[in-house]
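J.: Right, I'll just put the structure down here and ask away after.
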Amino acid sequence: MVNEKILDLANKISRTKRGSKSEIKPEYPEYKILEPVVTDEMADVAIFLEFHAPQSAEEVAALCGKSLEETSRILWDLAIAGVALMGEKDGVDKYWFEVWVHPVIWR
């Protein structure tokens, strides 16, 4: 069974739109690596992260409608799982996405 939230997240991280020619589909590795690790709760928060634009847990909590405590915990889980990056700026933890790194085989 396909998890639509995870599929939406895989497409966001891949910077593709669902329904487009280049969309990520359930059989693609981008979905397959997220599906066993990311919960629906994590996807609900991760979908509000941005690329190269670090956000605090407070900023993300305001967007996703969860408490600051719950959002902080989920963002930490996303960082531990390798889905989001985390860094500190001015004493505040910030979270964001980077684009997938696709392996290239040179022959």
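J.: How about segment 1-25: which of its residues are of a type outside the set (A, V, I, L, M), loosely packed, with under 15 Cβ neighbours inside 10 Å and over 26 Å from GLY87 (Cβ atoms)?
T.: Within segment 1-25, GLU4, LYS17, ARG18, GLY19, SER20, LYS21, SER22, GLU23, LYS25 qualify.
J.: Considering only segment 1-35, how many residues are within 15 Å of LEU49 (Cα to Cα), free of Cβ contacts under 8 Å to residues at least 40 places away in the same chain and small (Gly, Ala, Ser)?
T.: Number of matching residues: 1.
J.: Filter segment 40-65 for residues that are charged (D, E, K, R) and under 16 Å from ASP93 (Cβ atoms) and give the result. Can you show your working first?
T.: Looking only at segment 40-65, we keep the residues that are charged (D, E, K, R), and these are 40-41, 44, 50, 58-59.
Within segment 40-65, GLU50, GLU58, GLU59 qualify.
The rows are residues; the columns are (1) exposed (fewer than 14 other Cβ atoms within 10 Å of the Cβ); (2) among the small types (Gly, Ala, Ser); (3) in contact (Cβ under 8 Å) with a residue 60 or more places away in the chain; (4) farther than 27 Å from VAL2 by Cα.
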| position | (1), (2), (3), (4) |
| --- | --- |
| GLY65 | yes, yes, no, no |
| GLU69 | yes, no, no, yes |
| ALA79 | no, yes, no, no |
| MET86 | no, no, no, yes |
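J.: In segment 9-49, how many are at pLDDT 95 or above, within 18 Å of TRP96 (Cβ to Cβ) and either touching a His at 6+ places or on another chain (Cβ under 9 Å) or not hydrophobic (A, V, I, L, M, F, W, C) (or both)?
T.: 1
J.: So ASP8 fits all but one of (1) among the charged types (D, E, K, R); (2) under 11 Å from the mean Cα position of the chain (by Cα); (3) over 20 Å from LEU75 (Cβ atoms); what number is the exception?
T.: Unmet for ASP8, out of (1) among the charged types (D, E, K, R); (2) under 11 Å from the mean Cα position of the chain (by Cα); (3) over 20 Å from LEU75 (Cβ atoms): (3).
The values are calculated or read from the model by the stated rules, or taken from the named source; none is laboratory data. Here the structure is a predicted model, which means the values were calculated and not measured. Positions of Cβ are generated from backbone atoms using ideal geometry, with glycine treated the same way; all protein chains shown enter the neighbour counts.
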